[in-house]
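Structure first, then comments.
The values are calculated or read from the model by the stated rules, or taken from the named source; none is laboratory data. Worth saying up front: this structure is predicted, and the values here are computed from it rather than measured. Note that each Cβ is placed from the backbone with ideal geometry, even for glycine, and that neighbours are counted across all protein chains shown. With ligands, DNA and RNA removed, areas are computed over all heavy atoms of the protein, side chains included. Shrake-Rupley method; radii C 1.70, N 1.55, O 1.52, S 1.80 Å.
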Amino acid sequence: MLFRSLVGVAALFIVLVLASISNMSNYYIKPGNGNMEIWQGKFGPLGEKVLISLPGVEAPEQIKSVYSKQEVFPFVFNYYIDKSDSLTNVPGIPDFAKIKSHLITALEYSTTGELKEAAHKRLKIIDLMLLKYKADVAETRGTIDDLDDAIQYLEDAKLLNIDDQTLSGLIEGKLKSIKKLKARLEI
């Protein structure tokens with residue numbers, strides 16, 4: 001009799017744990033005032049908690065009772081991609097640290113290789129732009145040591161392997177120009 005009771009309690013415990021784990025993979029969309037909230041099931045057979053609130057994002061017209069991670073994470077991914085894009089349209093020098101921060105957050109919500117690649121490409125382009133800027137600054141100093149630094153920055157930029165012929169050509173052209181300038185100074 002005691003054995004059956006223990007088996008029954010153990011079975012109930014297993015069912016409770018499985019239900020709790022299953023609930024954690026449930027996501028819910030709740031519209032707010034000009035925003036969309038994404039909720040995630042708690043580790044418990046019932047209940048949910050706010051995962052994230054996306055200001056300015058409208059919820060879909062037809063809201064399902066339950067969503068999967070693959071259905072809701074693209075909303076968050078696109079939200080952070082849009083935030084990073086909006087920071088490039090400001091007067092003056094964009095806040096690259098904040099742009100990178102948004103892109104890294106977007107990566108956390110990427111659910112496909114295609115989305116990951118899109119965010120990684122943007123991060124590489126920012127790194128390339130910063131390396132090119134450092135090379136430009138080093139070039140303006142004009143010493144051989146500074147030109148060596150500029151060449152190294154551009155070589156590092158080439159290692160990013162950005163699949164964009166225009167950017168690759170820009171880096172390659174700048175590298176040749178600096179090497180020629182350095183050769184003239186060494187004479």
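Scanning the stretch 161-183 for residues that are β-branched (Val, Ile, Thr) and open to solvent by less than 40 Å² (accessible area, probe 1.4 Å) turns up Ile162, Ile171, Ile178. Taking the stretch 119-145 as the search range and keeping residues that are over 30 Å from Val72 (Cα atoms) and acidic (Asp, Glu), which one is surrounded by the fewest Cβ atoms within 10 Å (Cβ to Cβ)? Per the stated criteria, the residue is Asp145. Considering only residues that are over 30 Å from the mean Cα position of the chain (by Cα) and of a type in the set (Asp, Glu), look in the stretch 146-160 and name the one that is least open to solvent (accessible area, probe 1.4 Å). Here the answer is Asp146. Here Lys116 meets the list (1) open to solvent by less than 70 Å² (accessible area, probe 1.4 Å); (2) in contact with a helix residue (DSSP H, G or I) (Cβ under 7 Å, 6 or more places away or on another chain) almost entirely, failing just condition (1). Considering every residue within the stretch 9-19, establish whether at least one is modelled with pLDDT of 90 or more and surrounded by 12 or more Cβ atoms within 10 Å (Cβ to Cβ). No, the stretch 9-19 contains no residue that is modelled with pLDDT of 90 or more and surrounded by 12 or more Cβ atoms within 10 Å (Cβ to Cβ).
Within the stretch 98-113, the residues that satisfy the criterion of being open to solvent by less than 40 Å² (accessible area, probe 1.4 Å) and under 9 Å from the mean Cα position of the chain (by Cα) are His102, Leu103, Thr105, Ala106, Leu107, Tyr109, Ser110. Selection of first residues in the stretch 108-124 that are farther than 18 Å from Lys83 by Cα and of second residues that are of a type in the set (Lys, Arg) and open to solvent by 70 Å² or more (accessible area, probe 1.4 Å), restricted to Cβ pairs under 7 Å at least 6 apart or on distinct chains, gives the following pairs, ordered by first then second residue: Thr111/Lys69.
Scan the stretch 59-89 residue by residue and report those that are open to solvent by 60 Å² or more (accessible area, probe 1.4 Å) and assigned to a helix (DSSP H, G or I). Those that are open to solvent by 60 Å² or more (accessible area, probe 1.4 Å) and assigned to a helix (DSSP H, G or I): Lys69, Gln70, Glu71, Phe75, Asn78, Asp82, Lys83, Ser86, Thr88, Asn89.
Could you tell me whether Thr111 is closer than 21 Å to Ile99 by Cα and either at pLDDT below 95 or of a type in the set (Lys, Arg) (or both)? Yes; evaluated as a whole, the condition is true for this residue. Count of the stretch 33-55 residues, restricted to those that are of a type in the set (Gly, Ala, Ser), at pLDDT 80 or above and either farther than 12 Å from Val76 by Cβ or open to solvent by 70 Å² or more (accessible area, probe 1.4 Å) (or both), is 1.
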